Amino acid sequence: IYFSALGLAYVMVEMVLVQKLTFFLGIPALALAVVLCSMLVFSGLGAGLTTRFKGNPAKALMMTCGGVAALLVAYSFLLDPVVKSAMALPLPVRVLITLLLLAPPALVMGMPFPTAIAALGSKQKDLVVSGWVVNGYFSVLGSCLAVMTSISLGFVAVLFIGALAYGVAALARPLGVVE
């Protein structure tokens, strides 16, 4: 449940951010490049910061997943007003604003997966491969669900589903393994 929720949520949020910021940046290829690159870079930085989580991985997983969920709920309300207020700015400034908008959620979104992998690797190495596989499968599924959900219910709904999935991950952390 934990790794499936992470895979589903990450890609759904990523796809919505690409779509929402395409209009803001004005050039679809640029928006895709800026959003994907910054999500990967900031998530990688977040993953790197997880080496500082010493002691209680269960608490770290709850806090990072809960933090992502809270950020996504906030972004579902704040992203549109920020983007609308900055539409008239020059493109380089809008790219910088995009980077600044993506940094907080992407940084925290990069933390739950490596934290769980590290904790599992120290106790049950056989579950590490399963975690990767399940996460990858649900990442692919999440891209399809993001498209269908955004068409049916809108982008905000997809952000809420992403927040809900991170909340599920916070509660379903690899119990018994990462305690």
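Table for the structure above
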item	result
Angle between the chain longest axis and helix 155-171 axis [Cα atoms, degrees, rounded to 10]	20
Positive-pole candidate from 120, 89, 109, dipole of region 49-151, charges at beta carbon	120
Using alpha-carbon coordinates, inclination of helix 28-49 to the longest axis of the chain, degrees	30
Cβ-based charge dipole, the chain, positive-most Cα from 77, 152, 67	67
Rounded percent of accessible protein surface that carbon and sulfur make up, region 1-137, 1.4 Å probe	76
Ranked by how many other beta carbons lie within 10 Å on average, peptides 45-52, 68-75, 111-118, 2-9 from highest	2-9, 111-118, 68-75, 45-52
Span from the region 123-165 Cα centroid across to the region 42-111 one, whole angstrom	17
Computed FRET value (nearest 0.05) for residue 93 with residue 164, which takes r as the C-beta separation and R₀ as 25 Å	0.15
Estimated inter-spin distance, residue 52 and residue 27, nm [label 7 Å along Cα→Cβ]	3.5
Correct choice for semi-axes √(5λ) of the Cα gyration tensor in Å that was computed from the model, options (i) 26, 22, 18; (ii) 29, 17, 14; (iii) 64, 24, 13	(ii)
Dipole magnitude (debye, nearest 20) for the chain, charges at Cβ of Lys, Arg, Asp, Glu	300
Probe 1.4 Å, protein heavy atoms only - accessible area per residue of the chain in square angstrom	49
Estimated 222 nm signal from helices in the chain, with DSSP H stretches of n ≥ 4 weighted -39500 (n - 2.57), rounded to 500	-29500 deg cm²/dmol
Nearest-ten-degree value, helix 57-85 long axis tilted from longest Cα axis of the chain	10
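The values are calculated or read from the model by the stated rules, or taken from the named source; none is laboratory data. Computed from a predicted model, the values in this text were never measured in an experiment. Every residue, glycine among them, receives a Cβ derived from its backbone with ideal geometry; neighbour counts consider all protein chains shown. Protein only, heavy atoms only, side chains kept; ligands, DNA and RNA dropped before computing areas. Shrake-Rupley method; radii C 1.70, N 1.55, O 1.52, S 1.80 Å.
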